[in-house]
Structure formats: structure tokens, C-alpha cells
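A.B. asks: Take a look at this one; I'll ask things after.
No lab work stands behind these numbers, since they all come straight from the coordinates. Worth saying up front: this structure is predicted, and the values here are computed from it rather than measured. Positions of Cβ are generated from backbone atoms using ideal geometry, with glycine treated the same way; all protein chains shown enter the neighbour counts.
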Amino acid sequence: MRRTLVFSFDDGGGLKLAAPGVTPEIRVAPNDYPGVIRVANDLAADFGRVLGTNATVLSTDWNTTASKKSSNPVIIVGTIGKSTLIDGLVSNKRLDVSSITGKWEAFITQVVSAPWEGQDAIFVIAGSDMRGSVFGAYDVSEQIGVSPWLYWLDTPPKKCRYVWAQSTPYVEGPPSVKFRGIFLNDEDPALTGWGHANFKNSQYGSAFGSDFYKRIFELVLRMKGNYLWPAMWSSMFYLDDAQNGPLASDWGIFMGTSHHEPMARADKEQGRFLKGSWDWKSNKAGCQAFMKDGVVRAKNWATMYTLGMRGSGDAASATLTSQALEEVIHWQQATLKDVLGKDLSDIPQQWVMYKEVPGYWANGMNVSDDVTLLWSDDNRGNIRRIPLGTETDRRGGSGMYYHFDYVGDPRNYKWINTIQLQKTWEQMSLAYDRGVQNIWIANVGDLKALELPTAHFMAMARDMSKFGDPSSTSTWLKSWSAQQFGDDVADDAASIMTTYGKLTARRKYEDLSMTPFAFNTVNYDEAELNFAEWTALADRAQAAYDKLSTTIQPTFFQAVLHPVIAGKNVFEIYTKAALLTKYINQHRVSANQLAKDVQSAFAADKSLKTRWDSLLNGKWKHFMDQTHLGYNNWQQPNSDSIPKVSGVSSSSQTQAAAGIMGVAIQDSDKFFPTASTLTLGTLTPFIPPDRKTWLDVFARDNGTFTYKITSNATYLSVSDPQQTILAPGSKTDIRHFISVNWTTAPSGSSTAALTVTAPSSTATILVPLSNPSLPPGFQGHIESTGAVSIEATHFSPSSSPTYVSIPDYGRTHSGVHLPPLTPSQQPAAGPALIYPFLTFSNATSAALTVYLSSSENANPNSPNRYSFSIDDGAVTTVQPTPLGNAGGEPAGWSQAVVSNAWVKTSKIGNGNLGAGAHVLKVWLLEPTMVLTKLVVDVGGLKASELGPPESFRV
């Protein structure tokens with residue numbers, strides 16, 4: 001049973017811990033750790049948050065407690081071997097702690113009967129160590145209705161009248177990952193601006209003193225984490241406030257420093273205190289003295305020491321070699337042993353395999369097994385390397401440094417959340433299953449706006465047993481949403497944020513200004529449909545927000561409504577600016593409104609920031625100060641800007657030359673009157689039902705005209721065939737949807753026609769039709785408009801059960817991968833994915849386009865590869881991700897991470913593929929890649945970012 005507490009307005013049974021007029025007495029031993037004594041007071045305040053009256057805290061030892069009966073419910077919080085209260089219960093055989101004794105950060109909570117004479121029962125929270133006790137106390141806080149995001153998301157505590165403790169003991173720990181934490185980074189302007197406005201500055205002008213870090217430490221501990229890399233852009237953690245170091249240690253937080261800040265010294269300290277240059281080759285003595293001082297300063301505190309060395313200012317060193325770096329680390333470890341007086345195996349230490357550093361390691365280095373190799377992603381959420389060979393046997397184990405925020409090539413992304421939780425789950429599951437279990441740390445930027453991915457990451461690090469299958473992310477998200485927003489809206493909030501993750505996986509906001517615009521404005525209605533999804537999501541989020549009480553709305557606004565509306569505004573700016581180019585070319589009068597819409601969306605973006613800044617009386621002002629519009633290189637722009645927009649002007653020459661009527665059709669950049677006859681793509685009964693075929697009639701100049709659309713075939717019709725255009729006004733463009741009655745349409749191939757007639761002009765629309773019959777019993781995907789588009793998770797039931805579908809993964813639907821521990825496969829020899837499909841075209845240049853995640857070759861000895869065959873013919877093997885050197889990214893990486901996909905097209909055999917039923921087989925040869933989509937081109941595939949919408953599937 002998971003829970004030991006319940007709370008309700010009625011009798012819950014068990015040991016009553018709180019009721020109207022009754023609050024618990026929390027007892028803590030004075031000899032326990034400062035962090036435990038502190039958390040007892042937090043627990044007392046949390047009872048007050050849900051009950052209306054705080055619990056009381058009593059500092060007392062066993063001798064006093066054992067003779068003192070209380071009329072109030074009693075809760076004891078303490079640490080095994082440190083608290084006389086806990087040890088007294090154990091020695092008197094009233095409490096069995098054998099299940100957690102000696103374990104890392106474990107705790108037990110249970111009702112203890114007759115703990116001493118005269119006391120019927122008490123509730124005990126016992127930790128195996130200091131953090132075990134702290135986590136146990138905060139676990140109780142969560143159960144009674146206090147979220148870890150109480151402060152940072154303003155999550156309102158759940159109110160109740162009774163709290164009852166159940167009789168079944170609950171044991172938690174040790175954690176799945178030993179050191180779990182976050183990195184505050186890229187913290188200017190948002191976090192820094194907010195910090196300066198809300199916290200007293202230190203002698204060095206930093207906003208990040210102990211009052212600030214108390215808020216961070218508490219959040220980390222409430223999430224059951226234990227590790228922190230502090231803000232460092234313009235800060236020096238240990239010097240900004242003399243209380244920072246000892247406070248972290250007292251609270252139970254291990255402090256570290258980032259990948260280019262060795263031996264517990266901040267980067268900014270180099271400019272103030274380093275004598276000479278930051279270069280091992282030319283200034284060894286100066287560097288040694290500087291680094292040793294960091295160890296001496298932090299020796300009495302809980303510290304994770306970063307080893308190794310990079311160049312100055314988060315850059316590669318121009319002089320370091322593998323041999324020199326080996327010398328650096330040997331000296332650092334010798335210094336740690338000397339200053340701390342401990343064996344290396346007892347000193348937490350990490351060497352961060354970031355950017356160029358794996359290149360040194362790949363050259364062969366002799367480094368003590370006691371250091372944790374902290375591998376990293378590529379700054380875009382793709383793990384660069386998993387432990388290989390003897391790396392899995394190291395005493396220090398392996399770790400992972402992962403990014404939810406980044407400053408660098410190809411573009412910064414540091415404004416708001418653009419993280420897809422399903423991808424985090426897939427990548428970190430891969431890491432965990434491959435032995436990356438000693439350190440997990442996530443770059444969370446300013447923290448605000450990244451609450452959701454931060455909470456998800458920390459939950460996995462604490463207990464991966466709850467994340468064993470792909471649906472676990474959805475389960476967790478619903479639970480987290482219920483905790484923050486309440487049960488009534490939890491499912492809706494989880495669904496909204498799942499869709500949000502899919503939409504942001506298509507493009508991060510900062511990447512949208514790249515040219516050409518990512519989403520095609522002509523083919524497959526891609527740009528329009530993508531933006532329509534944003535509009536629908538914003539409507540859903542607003543409707544959910546409107547149903548909430550005013551106490552919950554601020555939390556929902558921060559975590560759900562704001563990112564969705566903010567994202568919709570940005571996509572509106574870039575989508576409509578891109579569509580505007582097409583509209584101006586067609587001389588649509590509606591281009592003028594489209595230009596106004598772009599400007600309005602820009603104004604809405606600014607207005608949303610103002611709304612954010614005024615939220616909760618300005619509590620979070622400055623957190624949306626980050627620029628995010630108008631990027632033209634990797635670095636952020638100085639101010640937000642949008643593409644230049646213009647409209648069309650009225651001209652009597654337009655009307656005189658060709659009338660003011662214009663006609664455009666789907667999937668074509670041709671239009672009337674520049675072409676008198678337009679030809680649609682071939683219509684079949686097997687176009688997906690949500691893919692509607694259309695034609696637009698529009699005004700090319702100001703004026704009014706009535707038109708009529710007629711068909712030369714009874715089985716071909718359009719919606720609203722007779723309309724009037726009013727320009728300017730609300731009816732400058734009218735979209736008509738085309739439908740076919742396939743039961744009366746001719747069999748086989750034919751062509752019908754539509755005629756659009758206005759007083760001074762007539763346009764003809766040819767409509768090719770194909771009305772074939774299906775082979776008996778066929779099941780699979782069916783061609784339309786010259787291509788077969790298949791979502792990877794829609795494979796045949798006859799496919800190998802080895803493969804695992806990841807719901808809601810990627811850019812369009814879901815993903816498919818091999819479990820992380822699957823060994824490398826040989827082409828056409830391992831488990832296969834099977835996709836039956838049907839074509840009507842006789843192709844002479846058939847090709848297969850495969851869409852995969854933007855994963856790296858995490859195992860460089862076995863790079864990502866897949867194989868495929870059609871109809872059991874020749875097997876083609878493809879390596880989608882080129883091999884890069886150990887210290888750099890592979891060719892094509894920038895485009896892959898911007899698109900969040902590797903997209904590879906291969907010829908099918910000799911290109912000939914006849915009409916009929918076929919079977920596509922795909923073999924994923926590595927577990928370090930995810931398949932998301934496949935498209936068979938039989939002559940009609942058009943350019944697009946996401947590929948054609950999925951084909952009709954029987």
C-alpha cells in the first residue's frame with residue numbers, strides 16, 4: 001500500500017492526527033541534524049496550511065518523551081542513530097527500522113502502538129539519514145495536501161478538517177539515482193531581474209544570497225532531490241553570501257559547480273582571484289592554488305567536486321591535451337585526499353563529459369574509478385553517449401547532465417517551456433537502464449516556466465520503478481496536475497500539456513524565424529493546420545481556466561494557460577507572416593487583414609507579459625523579460641521584433657485586367673486568373689476523413705461580387721455553391737469544401753470539373769478521380785495523391801512484440817523503439833515492424849522517407865541504423881545519424897535538432913513499384929533511436945516539414 005495517511009471531512013479510521021480544534025504535536029530530538037529540526041517546523045506549518053492552525057513543535061529527548069503523555073496527537077520525526085527519540089523506540093522494540101537502516105535517503109512512516117506508558121499510539125517518521133528524515137516529513141506534507149510547488153507555482157494547499165494515519169507502514173528509498181538535482185543557468189535577464197527586485201543584494205552585487213537560496217533548497221528537498229548547481233552567469237555562490245555554503249550543508253543539499261568550474265570555484269571567481277591566466281600549460285601553479293582554495297573553503301560542507309578543466313568562460317581549451325588533462329585530474333584527486341583527509345571513494349566527485357571533453361576521454365586516459373563520469377546530452381535533449389564496456393564497472397558510476405534550457409548553437413532556447421515529457425522519459429530511461437544512476441542534473445534555466453519538466457525529471461530520478469512503461473508519463477502527468485490544479489481539471493490539464501509538448505516538439509519558438517518558414521504554406525495545408533492546432537489548444541486551455549476557482553487560476557495560468565497562449569501568439573506571428581507572402585502573390589485583399597493579425601499577435605505577446613508581471617501583485621515580475629522574437633543567429637536579439645509585413649493596395653487596373661475574383665486550390669501555388677484552369681490532386685475514397693479538399697474564392701481588389709460554383713457531375717459537389725464576396729469586410733475569402741459521392745462515381749479513373757462563375761470572369765477546376773476497389777481482406781494503409789503516409793505506431797499485429805510504442809512521442813503521433821537493453825541487431829535478422837500498404841500508381845522512382853527522433857549515436861561503436869525491405873525484396877540499410885568525432889556533433893546535427901527529427905529518403909530497389917498490395921518491413925537495429933513516421937512516395941510526394949497527414953487505414 002502506497003499511502004499511510006488519508007484526509008477527509010469525515011471519520012477516516014486509524015490514528016487521528018488532526019481534527020477541528022486538534023493539531024498534532026511534532027517532537028524532534030535536539031541532538032538530531034539541523035536539517036531535521038528545520039523540516040519539523042516546515043511540517044508544522046504545512047499542517048496549518050491545510051487545517052488553518054499550525055501544529056506545534058517540541059524539542060525533547062527520549063528520557064523526557066518516554067515519560068510524557070500528550071493529549072494531542074504526537075508525531076515524531078527523527079534520524080536513526082542520531083535522534084534519541086527514534087533510537088529509544090528502536091531499543092524498546094516499539095519500532096522496527098531494519099528495512100531502512102544503513103540505506104541512502106530512505107524513510108519509514110508508521111503508527112506505533114503503546115510507544116511509552118500512558119500513550120496509546122503515535123505516528124513516526126524515521127529516516128535512515130538526515131535527508132531520509134527530511135524526505136519523510138515532506139512526504140507527509142504532500143499526502144495532507146501541500147505541493148512541493150507551494151511557493152514556485154503558488155499551488156494552493158488542499159483544505160481539510162481531519163487527518164488520519166493508517167496502520168500499514170510505508171517504506172520509501174533508497175532513490176533510483178543517488179544524486180538528483182537542478183542547475184540554475186542562463187539566468188539573465190529573467191531570474192536575475194526578479195532576484196534583484198526581491199532579494200537583498202550581496203557585497204558583490206548578486207541577487208542570489210541565502211534568502212534566495214532558501215527558496216531553491218526547499219523546492220529541491222520537497223521534490224526529494226539533494227543536489228544543486230547554483231546560478232553562475234554573474235554570481236559566486238560561496239562569496240555572494242557567506243551563509244550560502246553552510247546553509248546548503250545544514251539543509252542537506254550537496255552543492256556542485258558546472259562543467260567548466262572545477263573544485264568548487266565559480267567561473268566569475270577567476271577574474272577576481274586567479275593569479276595569471278586560466279591555462280594549465282602556462283600557469284599551472286596559479287591554477288593549482290586557485291583550485292585548492294576552493295576545496296579548503298568547502299571542506300566542511302556537503303560538496304560534489306567537479307574535476308577536469310576546460311577553457312576560460314565555458315569554452316574549449318586551446319592548450320589542453322588528454323595527457324595534460326589526466327595530469328590535472330590526478331593532481332585534483334590528490335588535493336582532495338590531502339585537504340579532506342578522506343579516501344577518494346568517500347568523496348563525491350564528477351567529471352563532466354560535455355562538448356569537447358569526451359574527445360579527450362576517447363583518446364585513452366587513466367583516471368581513478370572513483371570519479372563519476374557525468375555524460376551529457378547535446379543541449380537539445382539528445383543523449384550523446386551511454387556508458388560502454390568497463391565504464392559500467394566504475395566505482396563512481398555514471399551520471400547525466402540534461403538540458404531544458406540552453407544558450408548556444410543553433411539557437412538559444414531560454415524563454416518558456418518547450419520540452420516534450422515523453423522524450424525526456426525515453427532518453428532518461430535509456431540512460432538509467434544503461435547504468436546512468438549516480439547523478440542526474442537538469443539545466444532548468446530560470447526555473448520559472450520550466451516547472452513541469454523539472455518536476456517530471458526529479459520524479460523519475462527519485463523512483464524510476466514508477467516509470468517502467470511508456471504510459472507512465474501520462475499517469476504521472478495526471479497525478480501531478482491533480483496535485484496542482486485539483487482532480488476536476490487534472491485529466492484536461494494533462495491532455496492539454498501533452499498536446500503542447502507535441503506542438504513545441506515541431507519547432508522551438510526561437511527557431512521559427514529561420515527561413516524559409518518551417519511549415520509549408522501550400523502543401524498539405526501544413527502551416528494552416530499546425531496553427532489551427534495551436535488555436536484549438538488555446539481555446540481548450542482558456543475554457544479549463546475559466547472553470548477554476550480564483551485560488552487555483554494563478555497556478556493554472558503559470559503552468560498551463562500562459563505557455564499555451566504565449567505559444568499560440570508566437571506561432572500566429574510567424575505562420576501568418578509566411579502565409580502573407582502567398583496572399584500578396586495572389587493579390588488577395590485579405591492579405592491586409594493578415595498583416596494586421598501579425599501586428600495584433602505581436603501586441604498580444606507584449607500584453608501577455610504585462611499580465612504576467614501583474615500576476616499576484618507582481619510576485620513574478622521580470623520572469624518574462626527574456627526576448628524570444630526575431631532571432632537571426634544563435635544569440636538572443638536585443639529586443640523582440642517580427643517579420644516586416646505589408647498588404648496589397650486597391651487598383652482599378654486589377655479589375656480592368658481580369659476582374660476582382662481570384663480562385664486558389666489546395667496543394668497548389670497556381671491560382672486564377674494567372675491560370676484559367678486549375679487542376680486538383682487526384683481524389684479517392686481513401687483520403688483520410690479529417691483531410692478536407694477545398695478551393696478558395698477571394699477578392700483581389702475592393703468591391704462586391706456574387707459568384708456561383710457548378711459541377712458537371714452529379715456525384716461531385718461543393719459546400720455553399722453560391723456566395724457573395726464583400727471586400728473589404730468579413731467575407732473577402734470563402735473556402736468551399738469538395739465532396740464526392742463514391743457510390744455513384746465512376747469506377748476506375750475519371751475527371752470531373754467545377755466552374756466558378758462571376759459576372760466578369762470564369763474559372764475552371766479540374767477534379768481527377770480514382771475510384772478503385774480494394775483487394776479482398778486487405779488491411780493496411782492506402783495511397784492517396786501519390787504517397788502512403790504511415791504513423792510508426794500503426795504497425796501490423798504480426799510485427800514483432802519486441803517493439804514498444806511510446807504514446808504521444810514526437811511531432812505527429814507516437815514513436816516506436818526497441819527497449820533500452822536490447823542488443824544491437826543485424827539487418828533483416830532481428831525483430832521486424834510490418835506495415836502493409838496499397839498503391840494504385842505504377843511508380844518508376846519509388847522511395848521511402850523515414851522520420852526518426854533527433855537522437856544521437858549514443859553508442860558510437862554501434863551507431864543508429866535501420867533496415868527496410870518491400871515485399872521481401874532487397875534489404876536496404878541506412879545510418880541516419882552520421883558519425884561525429886567524440887568531441888563534436890555529426891554532420892546535419894543543427895537541422896536535425898531544429899526539426900527535432902532525422903529525415904532520410906532512400907530509393908526503393910530500382911525505383912519500380914507496381915500498383916497493388918505491398919508489405920514494408922522495417923528493422924530498427926539499435927535501441928538508441930525512435931521511429932516516428934514512414935512515407936512511401938509513388939510519384940506524388942510534396943515538400944513539407946512533417947510529411948503528409950497519415951493515409952487512410954483499413
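A.B. asks: Classify the range 652-771: rounded, prolate or oblate, from the alpha-carbon gyration tensor (a ≥ b ≥ c, eigenvalue square roots; a/c under 1.5 rounded; otherwise prolate if a/b is larger than b/c)?
C.D. replies: Judged from the Cα gyration tensor, the range 652-771 comes out prolate (a/c at least 1.5, a/b above b/c).
A.B. asks: Please list 381-390, 225-234 highest first by mean number of surrounding beta-carbon atoms within 10 Å per residue.
C.D. replies: 225-234, 381-390
A.B. asks: For the range 337-369 and the range 897-924, write down the distance between their C-alpha centroids in whole Å.
C.D. replies: Value for the Cα centre distance between the two parts: 44 Å.
A.B. asks: Which three extents, in angstrom, do the Cα atoms of the range 294-339 have along their principal axes, listed largest first?
C.D. replies: Principal extents (largest minus smallest coordinate, Cα): 34, 21, 13 Å.
A.B. asks: Under unit Cβ charges (Lys, Arg +1; Asp, Glu -1), what dipole magnitude, rounded to 20 debye, does the chain have relative to its Cα centre?
C.D. replies: The calculated dipole for the chain is roughly 600 debye.
A.B. asks: Compute for the chain: radius of gyration divided by Kirkwood radius, i.e. Rg/Rh, restricted to C-alpha atoms, rounded to two decimals.
C.D. replies: Result: Rg/Rh = 1.02.
A.B. asks: From the helices alone, meaning DSSP H stretches of at least four residues, give me the mean residue ellipticity at 222 nm for the chain, per-run term -39500 (n - 2.57), in deg cm²/dmol to the nearest 500.
C.D. replies: -9000 deg cm²/dmol
A.B. asks: Highest first, please rank the peptides 452-465, 726-739 by the mean number of other Cβ atoms sitting within 10 Å of their residues.
C.D. replies: The most tightly packed comes first, giving 452-465, 726-739.
A.B. asks: To the nearest 20 debye, what charge dipole does the range 571-625 have about its Cα centre, counting +1 at the Cβ of each Lys and Arg and -1 at the Cβ of each Asp and Glu?
C.D. replies: About 60 debye.
A.B. asks: Among the listed pairs Lys178/Lys200; Lys178/Lys342; Lys414/Lys547; Lys414/Lys568; Lys224/Lys619, give every one whose C-alpha distance is greater than 28 Å.
C.D. replies: Lys178/Lys200; Lys414/Lys547
A.B. asks: List the residues of the range 304-320 whose backbone N lies under 18 Å from a point placed 7 Å from the Cα of Ser277 along the Cα-to-Cβ direction.
C.D. replies: Counting only backbone N, you get 309-320.
A.B. asks: Calculate the spin-label point distance for Asp61 paired with Thr755, positioning each point 7 Å from the Cα along the beta-carbon direction, and give it in nanometres.
C.D. replies: 10.6 nm
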